[in-house]
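Here is the structure we will look at, set down as structure tokens.
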Number of protein chains: 2
Amino acid sequence: MRLLKGNFIYSIDKNEIEIKKNQYLLVKDGKVEGFYNEVPSIAKDVKVEDYKDNIIIPGLSDLHVHAPQYAFRGMGMDMQLLDWLNTYAFKEEGKYKNLEYAKKQYSKFVDDVKNSATTRLSIFATLHKDATIMLMDLLENAGVKAYVGKVNMDRNSPEFLSEDTIESKEDTIEWLEQIKDRYKNIKPILTPRFIPSCTDKLMDEIQNINKKYKLPIQSHLSENTSEIDWVADLHPDTNNYAEAYDKYNLFGKENKTIMAHCVHCPDDELNLIKQNNVTVAHCPQSNANLTSGIAPIKKMLDMGIYVGLGSDIAAGSSLSIFRAMSDAVQVSKLREAMTGEKNQILTLSEVFYLGTKGGGKFFGNVGSFEKGYEFDAIVLNDESFGDNSDFTLKERLERIIYLSDDRNIVAKYVAGNKVI
Amino acid sequence: MRLLKGNFIYSIDKNEIEIKKNQYLLVKDGKVEGFYNEVPSIAKDVKVEDYKDNIIIPGLSDLHVHAPQYAFRGMGMDMQLLDWLNTYAFKEEGKYKNLEYAKKQYSKFVDDVKNSATTRLSIFATLHKDATIMLMDLLENAGVKAYVGKVNMDRNSPEFLSEDTIESKEDTIEWLEQIKDRYKNIKPILTPRFIPSCTDKLMDEIQNINKKYKLPIQSHLSENTSEIDWVADLHPDTNNYAEAYDKYNLFGKENKTIMAHCVHCPDDELNLIKQNNVTVAHCPQSNANLTSGIAPIKKMLDMGIYVGLGSDIAAGSSLSIFRAMSDAVQVSKLREAMTGEKNQILTLSEVFYLGTKGGGKFFGNVGSFEKGYEFDAIVLNDESFGDNSDFTLKERLERIIYLSDDRNIVAKYVAGNKVI
């Protein structure tokens, strides 16, 4: 059991933020038991972790991040998606064949993740099986919980970053066998890079693998108009990009799925996302950096589509999901300002939900402090912003979202374990 | 004399970045003398300040910042301009009548400015004369150079933040007399808040004051469509918002002028800006936060209009002009993505120019390391981003713009003086 004292703030739903000022939170078996005004009798022997006037929120979820691109984040921000992939991303990912290089760069990535407010991630590695296992080992040791995918890609990439269909299939199976029962916190996720990178034959093989392993899936969807046109050429039998995944049973339904971006989805695609319970990873910074556009998140939320946030390192430069929250508000305002369409603007409550409970949903009962939720939490000290005595707890939360960095993080818990 | 060693990066013009790798820079009487491969004989007795592999760039200029709003930055980000002013900004500014409150909050602002990469600022205080002088005193002690304005506003504000026309005029003159010869680094700037806050009579008085004092001017222009409509109602004899300043001789020409925002300027207004040599303060974060829109900066630069960057605290949440640079790139991309207009996207070179030499121009020969420029400089250590051995100096600069915070600042110089 754990007993924490402080000011707790969490989402009930996208429109409601719950605030527990100066209360005790009891954690039992890694899960939230409840709030109390005084030490409850069942916990009278538990040492209180007293965080005084600090603010305690659920850990944040990053639904879309390319770990091997972390080393060059903040660079090459003058290109659109397809050029950027060829010039920067593929070149860097090719280096992860070298395990020594992978260890150096992945260690830096994992250190920075550990010191961030993020407790759950869904991560793209590279196509390299051994480097992917190394990343998973490092993450396990850091104490965060994550899905990690060995990337599948057997076409339209440079020689130094390619695998043939059989190799891709066999390496994936070998990878899955090697990591079986290896981790407590880290799990595999199937990761066809995106439709232009995967032949029909490879998509078939991935579908076959999943018949046996029953894994979640992650990929990219409708990020950029040139990409969408390309997919339409590659799959002339489909009505939209999503159907190119769906025809291989790699788009939600029984297979829990994250699709990153969804900037330019036509209505029938949004309907399929909704119908198949696919989770959208909204990556506002990436979508600005690569001139992709602004996803209609308000519309998705109104449709009841599951949405969370992604840093999308390195098309996004910042690993911070707080930054993704404030970016999501800002770009939603620019969507309204530039299109003239009404009801586009995301509220504080909505983006706080997206970064916590909305994204956390992909990992189970994660991202809230309601009873039974896994206890992922971040303790934040906001004194560096100046005197906060005139502000409400909700105002202090907004300031944390706009102003905080890793220096404001006092402690971090993942599923009940204190990791910093 | 000062002799610095390191990697120097600076703008020649908006399209050209000059890089001096591992060189010596000689500073004489606070001004750049030149670059050398080895210690020049005239400086053989000067101690070398050796910054090794660090990157040294010109100090950044913040052309638009409301110091009294710093205390509530990152809050109330759910409103547009006119509601936000009434609900948050005016309420907070009213508190600066109390000098003790002003001292506490201005000290925090000035401390954070001092530790930032900004060396030059143009600042709005409040209408309170004494608190404005206190802010100027604190800035002088911090070693940065700034223009500071006592705000004029005699209509359309709440009772607790108002002055009548005569009071506004007399307080302004008293303020100017009291600070005469008081500062080495800090200068006054005339600051009619914006047209809706200033009666015609007050604009007349400010014009009269300037006939005697010959000061620069700062204000707001064409930020928000409701504001623009309001100004058109208030000044039915004008063809555009700018003319409402220009008819009082408070819009450039012999009076060096900064106009913040300029998001929605019609062509005749842009032409007047150009013709009168008015400097535009582009505040991308503010313009997103208040749903104002995205200013057509590329067009302004193509017209030869002077442009610099502003944090616009607290409509902008971040004091960092590096953040303003990356925001400027990002929103320019979203402008292109959302309007379909071509040639909207700002380059790295352009935003680096805007934050250094472009904004610096308002302060004289500031913002570059060309011979004769005042030596404002920031020394940056980028080791926290990870191994940079594969990157060019220009790539490292881009990463500093996207990723750095105050922890990366190793040293700071203003007009030849080391301030941190």
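The set of residues in the range A:383-403 being among the charged types (D, E, K, R) and either assigned by TED's automatic domain parsing to the domain that holds residue A:354 or not in a loop (DSSP other than H, G, I, E, B) (or both) consists of A:383, A:394, A:395, A:396, A:398, A:399.
Answer yes or no as to whether residue B:236 is in a loop (DSSP other than H, G, I, E, B), at pLDDT 95 or above and in the same structural domain as residue B:152 (by TED's automatic domain parsing). Taking the combined requirement at face value, the residue satisfies it. Beta carbons closer than 6 Å, at least 6 apart along the sequence or on distinct chains, pair a first residue in the range A:236-260 that is at negative phi with a second that is assigned to a loop (DSSP other than H, G, I, E, B) and open to solvent by 30 Å² or more (accessible area, probe 1.4 Å) for A:240/A:266. With respect to residue A:197, determine if the residue is under 30 Å from residue A:381 (Cβ atoms), at pLDDT 95 or above and open to solvent by less than 30 Å² (accessible area, probe 1.4 Å). No, not satisfied. A single member of A:276, A:287 is under 30 Å from residue A:202 (Cα atoms), touching a residue at least 12 places away in the same chain (Cβ under 8 Å) and away from every other protein chain (no Cβ under 14 Å), and it is A:276.
Considering (1) within 13 Å of the chain's Cα centre (by Cα); (2) more than 30 Å from residue A:87 (Cβ to Cβ); (3) within 14 Å of another protein chain (Cβ to nearest Cβ), the lone condition that residue A:306 does not fulfil carries the number (3). Only residues that are without any contact (Cβ under 8 Å) to a residue 40 or more places away in the chain and open to solvent by less than 40 Å² (accessible area, probe 1.4 Å) were counted across the range B:38-56, and they come to 1.
When the range B:320-340 is filtered for residues that are more than 10 Å from chain A (Cβ to nearest Cβ) and modelled with pLDDT of 95 or more, the ones remaining, listed by number, are B:320, B:321, B:322, B:323, B:324, B:325, B:328.
Here residue B:35 fits the description: in contact with a Leu (Cβ under 7 Å, 6 or more places away or on another chain) and open to solvent by 10 Å² or more (accessible area, probe 1.4 Å). Restricting the range A:82-109 to residues that are open to solvent by 10 Å² or more (accessible area, probe 1.4 Å) and of a type in the set (A, V, I, L, M), the residue that is modelled with the highest pLDDT is A:99.
Each row is one residue, and each column tells you yes or no for (1) within 20 Å of residue B:66 (Cβ to Cβ); (2) among the charged types (D, E, K, R).
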| site | (1), (2) |
| --- | --- |
| B:165 | no, no |
| B:173 | no, no |
| B:178 | no, no |
| B:184 | no, yes |
| B:189 | yes, no |
| B:194 | yes, no |
| B:205 | no, yes |
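Look at residue B:122 and say whether it is away from every other protein chain (no Cβ under 14 Å) and of a type in the set (Ser, Thr, Tyr). Spelling it out, residue B:122 is indeed away from every other protein chain (no Cβ under 14 Å) and of a type in the set (Ser, Thr, Tyr).
Here is a yes/no grid of residues against (1) out of contact with any strand residue (DSSP E or B) (no Cβ under 7 Å at 6 or more places or on another chain); (2) in the same structural domain as residue A:258 (by TED's automatic domain parsing); (3) not charged (D, E, K, R):
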{"site": "A:54", "(1), (2), (3)": "no, no, yes"}
{"site": "A:71", "(1), (2), (3)": "yes, yes, yes"}
{"site": "A:76", "(1), (2), (3)": "yes, yes, yes"}
{"site": "A:82", "(1), (2), (3)": "yes, yes, yes"}
{"site": "A:112", "(1), (2), (3)": "yes, yes, no"}
{"site": "A:116", "(1), (2), (3)": "yes, yes, yes"}
{"site": "A:127", "(1), (2), (3)": "no, yes, yes"}
{"site": "A:130", "(1), (2), (3)": "yes, yes, no"}
{"site": "A:137", "(1), (2), (3)": "yes, yes, no"}
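Applying the set (1) over 19 Å from residue A:304 (Cβ atoms); (2) under 21 Å from the mean Cα position of the chain (by Cα); (3) of a type in the set (Asp, Glu) to residue A:383 leaves exactly one unmet item: (2). Find the residue count for the range B:1-31, including only residues that are surrounded by fewer than 20 Cβ atoms within 10 Å (Cβ to Cβ) and of a type outside the set (A, V, I, L, M). Qualifying residue count, the range B:1-31: 14.
Residue B:144 - would you say it is within 27 Å of residue B:359 (Cβ to Cβ), out of contact with any Lys or Arg (no Cβ under 7 Å at 6 or more places or on another chain) and outside the structural domain of residue B:414 (by TED's automatic domain parsing)?
In short, no.
Scanning the range A:369-405 for residues that are within 8 Å of chain B (Cβ to nearest Cβ), open to solvent by 20 Å² or more (accessible area, probe 1.4 Å) and over 27 Å from residue A:114 (Cβ atoms) yields A:387, A:391, A:395. Could you please find all residues in the range A:329-368 being part of a loop (DSSP other than H, G, I, E, B), in contact with a strand residue (DSSP E or B) (Cβ under 8 Å, 6 or more places away or on another chain) and open to solvent by less than 30 Å² (accessible area, probe 1.4 Å)? Correct list: A:366, A:367, A:368. Test residue A:282 against the criterion of being in contact (Cβ under 8 Å) with a residue 60 or more places away in the chain and not hydroxyl-bearing (Ser, Thr, Tyr), and give yes or no. Considered against the rule, which asks whether it is in contact (Cβ under 8 Å) with a residue 60 or more places away in the chain and not hydroxyl-bearing (Ser, Thr, Tyr), residue A:282 comes out as yes. Filtered by the rule that a residue be β-branched (Val, Ile, Thr) and within 13 Å of chain A (Cβ to nearest Cβ), the range B:63-112 gives B:87, B:110. Among the residues of the range B:216-234, at least one is touching a Ser or Thr at 6+ places or on another chain (Cβ under 6 Å), open to solvent by 20 Å² or more (accessible area, probe 1.4 Å) and under 30 Å from residue B:331 (Cα atoms). Looking at the structure I just gave you, is residue A:337 outside the structural domain of residue A:14 (by TED's automatic domain parsing) and touching a residue at least 12 places away in the same chain (Cβ under 8 Å)? In short, no.
The values are calculated or read from the model by the stated rules, or taken from the named source; none is laboratory data. Every value quoted in this text rests on a predicted model; they were computed, and no experiment measured them. Neighbour counts run over all protein chains shown; Cβ positions are idealised from the backbone, glycine included. Accessible surface is based on the protein model in full, side chains and every heavy atom, while ligands, DNA and RNA are left aside. Shrake-Rupley method; radii C 1.70, N 1.55, O 1.52, S 1.80 Å.
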